[in-house]
Amino acid sequence: MDSSEFLHFLATRVSVREYEAGCITEDDARYLLTAASKAPSAGNLEAWDVVIVTDPGQLEMLADAAGNQHQIKDAGCVFCVCANYVRAMSRYGDRGIMFAVEDATIAATYMMLAAHVRRLHTCWVGAFDDGEVKGILDLPAHIRPVALLCIGRGEAPSRGPERMDPEDHAHYDIW
């Protein structure tokens with residue numbers, strides 16, 4: 001893949017909120033986890049974990065915890081990507097909290113790109129009640145849900161969202 005093909009690949013990955021019934025295969029799930037395991041992480045601690053949710057009742061509860069975002073229950077599969085504070089704090093103390101969130105975020109991004117390679121669709125959901133999600137999934141105290149990653153086959157929008165000019169983000173040498 002050359003650089004222009006890579007930019008095209010990135011541009012064609014869009015968030016999908018309309019899904020067909022069904023779930024991804026076990027092979028797809030393993031592929032996404034394998035891709036995430038290649039993500040960079042602070043101190044190579046991989047301070048992230050995933051709860052793979054396919055149970056319709058749990059998906060319904062997660063959708064409720066996220067303000068009734070229908071794509072959560074419609075996708076058929078949600079990866080709840082979590083930061084593992086203890087794993088990162090074991091080496092970095094309090095700073096490890098931020099590193100764990102970063103590790104989880106990068107891992108989730110790798111999963112989204114791996115899904116795109118497999119012609120699966122994703123939607124990152126970050127707006128949810130942390131406490132409710134922790135309760136639904138029985139997460140330990142040292143685990144923080146960072147993203148609910150909806151994964152499935154769906155209907156991509158006809159075009160992606162408008163984006164800022166990349167140079168509008170750049171500051172050289174000083175702000």
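Looking only at residues that are out of contact with any strand residue (DSSP E or B) (no Cβ under 8 Å at 6 or more places or on another chain) and touching a residue at least 12 places away in the same chain (Cβ under 8 Å) in the range 125-154, which one is most open to solvent (accessible area, probe 1.4 Å)? Ranking the qualifying residues of the range 125-154, first place goes to GLU132. Scanning the range 115-124 for residues that are open to solvent by less than 50 Å² (accessible area, probe 1.4 Å) and closer than 14 Å to GLN69 by Cα yields THR122, CYS123. Taking (1) closer than 17 Å to LYS134 by Cα; (2) part of a helix (DSSP H, G or I) in turn, THR105 satisfies each apart from (1).
Looking at this structure, is GLU18 within 18 Å of the chain's Cα centre (by Cα) and at pLDDT below 95? Against the criterion (within 18 Å of the chain's Cα centre (by Cα) and at pLDDT below 95), GLU18 qualifies. Take the residues in the range 158-167 that are of a type in the set (Asp, Glu) and open to solvent by 100 Å² or more (accessible area, probe 1.4 Å), then tell me which one is modelled with the lowest pLDDT. Among residues in the range 158-167 that are of a type in the set (Asp, Glu) and open to solvent by 100 Å² or more (accessible area, probe 1.4 Å), the one modelled with the lowest pLDDT is GLU162. Residue count for the range 95-105 under the criterion of being surrounded by 17 or more Cβ atoms within 10 Å (Cβ to Cβ) and either at pLDDT below 95 or closer than 25 Å to THR122 by Cα (or both): the result is 7. Candidates are the residues of the range 67-94 that are crowded, with 22+ Cβ neighbours inside 10 Å, modelled with pLDDT of 95 or more and of a type in the set (Gly, Ala, Ser); the one that is farthest from VAL133 (Cα to Cα) is ALA88. If the condition is being over 19 Å from LEU120 (Cβ atoms) and either touching a helix residue (DSSP H, G or I) at 6+ places or on another chain (Cβ under 8 Å) or in contact (Cβ under 8 Å) with a residue 60 or more places away in the chain (or both), then the range 155-170 contributes only PRO161. Residues in the range 13-61 that are open to solvent by 80 Å² or more (accessible area, probe 1.4 Å) and touching a strand residue (DSSP E or B) at 6+ places or on another chain (Cβ under 7 Å): ARG17, GLU18, GLU20.
The values are calculated or read from the model by the stated rules, or taken from the named source; none is laboratory data. All of these numbers come straight from a predicted model, not from anything done at the bench. Virtual Cβ from ideal backbone geometry, glycine too; neighbours counted across all protein chains shown. Keep in mind that these areas ignore ligands, DNA and RNA; they rest on the heavy atoms of the full protein, side chains included. Shrake-Rupley method; radii C 1.70, N 1.55, O 1.52, S 1.80 Å.
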